[in-house]
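Okay, so here's the structure we're looking at.
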């Protein structure tokens, strides 16, 4: 395969990777989802991540049909990445993509939930020991040694079930042999690391000392000359001095001495250079012999090293996902053979991660078998919902939560709900409310949300306050048309709007749901029941807002102005709201 055959690798990227890594190494990095090697080569991280995502599941990236859907996907990956137990696992998590078929989704989901159950069953000490073992692991570093050492450390922990079972099954003696060989061959080729062979370490130490002496022969001569009378005595004193200082055998030192030399200085210099050359040759010979022995030992380890690397890599990946699933109490979604998106007691992950007090919400569109309280029609009737209600009532958050559920499920991951049913779709059209009002925005929005409906395939529509981008009169007509088109194309969808009354009558397969503000707290904060009520129009209850403004007004004239508004919407309702708030206090 050529580099340019990968999505996102054009001529400039190809040349950069080929120059910095070589074609074969660059392809290996892409195939192994090695983001750090690509970024170290000079590729921007965002681009490297996009290339890897498409290389490892790009056929299903079309699920994310809009920028807002892609933003939800990216925010989920960022959140998941916080639970990575190794740098390599973090790289793999960042290139997780939606999957192309239910079988792949189910397989990954089984792996994640199995790892979750295993991780949940470990006590605190074992979890700490596992995390300590993973701390040393980084398979992207170009060596299998960290993986082998991690496998041995995990075996010492004694966890043998679930995701750790392949590691427990490895032969510990073989791994020890492999670890010693890998540590010895740390530099590649014939380069043997320190500590692999005592004799090699000794020769290297001797060579280093002799090379230091060779650099300052005058100092050596001065150290031996003062105590020597005559040439023979100088030769003997010098030989003993060098042998004592370097631990080189006296015979070896004598063998390096020249038969004749011009003077004492030349004698010392020639001897030291010859001795260094002799030791250098001895080091090279010993290193080659040790390297051969280590390579033979590594070969005898068979597939253990590769198996350990893969097993530790997978364990780190699934333990990371298990920690994410446990942190947010995620559960298995049920994949069904019908187009439905529904969840019981769903929670928005981003709000939960921010520490917000999240009210679980139960909601569904499409034919389902979930326990959805308050639904006043059979569950197989409504495939499209028009969601209405108070400002700050959580309508957009509910759309985002449904988007999270659908995307996580199609990534083969558990979802933030106690129960969920998901029909696999080809595209998710999530469109948030954007504070723009011009023809260009309207056109670009229609070109974003309509084609997925008219194309072949199944679509989930999640559209927020469509009316914010055009005139109110036209908005109602266009939104009614979009709801009708969604029904006609047998898609499912939720449309948030304040124009529910203007959309009547809705198509038979559509319903209207509402979120209601219930009053003011003693602190005059708006109190909202975020659970939608099915088959009813939600109300913004402006008397609550006006009541708060009346109560908080400190200026007499300002208060009089708000009281005029109170009279317009119903003074009795405002006074009743204020009384209720005081009564709660």
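Numbers below:
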item	result
Residue identified as over 30 Å from residue 179 (Cβ atoms), at pLDDT 85 or above and assigned by TED's automatic domain parsing to the domain that holds residue 181 among 266, 228	266
Every pair of residues 6+ apart whose Cβ atoms lie under 9 Å, when the first sits in segment 439-452 and is farther than 16 Å from residue 489 by Cβ and in the same structural domain as residue 489 (by TED's automatic domain parsing) while the second is at pLDDT below 85 and assigned to a helix (DSSP H, G or I)	441/469; 442/469; 442/474; 445/466; 445/469
Filter result (farther than 17 Å from residue 199 by Cα, in a helix (DSSP H, G or I) and out of contact with any helix residue (DSSP H, G or I) (no Cβ under 6 Å at 6 or more places or on another chain)) within segment 274-304	277, 295, 296, 299, 300
Condition check for residue 490: assigned to a loop (DSSP other than H, G, I, E, B), on the phi < 0 side of the Ramachandran plot, modelled with pLDDT of 85 or more and not assigned by TED's automatic domain parsing to the domain that holds residue 568	no
Condition check for residue 242: touching a residue at least 24 places away in the same chain (Cβ under 8 Å), more than 58 Å from the chain's Cα centre (by Cα) and part of a helix (DSSP H, G or I)	yes
Qualifying residue in segment 5-28 (condition: touching a helix residue (DSSP H, G or I) at 6+ places or on another chain (Cβ under 6 Å), in contact (Cβ under 8 Å) with a residue 40 or more places away in the chain, over 23 Å from residue 353 (Cβ atoms) and part of a helix (DSSP H, G or I))	no
Qualifying residue in segment 429-442 (condition: at pLDDT 85 or above and over 17 Å from residue 496 (Cβ atoms))	no
Residue pairs meeting the criteria (Cβ under 6 Å; at least 6 apart or on separate chains; first without any contact (Cβ under 8 Å) to a residue 40 or more places away in the chain, in segment 40-54; second not in a helix (DSSP H, G or I))	41/21
Candidate set: segment 461-500, residues that are without any contact (Cβ under 8 Å) to a residue 40 or more places away in the chain, out of contact with any helix residue (DSSP H, G or I) (no Cβ under 8 Å at 6 or more places or on another chain) and over 19 Å from residue 433 (Cβ atoms); chosen: the one surrounded by the most Cβ atoms within 10 Å (Cβ to Cβ)	484
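The values are calculated or read from the model by the stated rules, or taken from the named source; none is laboratory data. Remember, predicted model here, so these are calculated numbers, not experimental data. Here the Cβ is made from the backbone with ideal geometry for all residues, glycine too, and neighbour counts use every protein chain on show.
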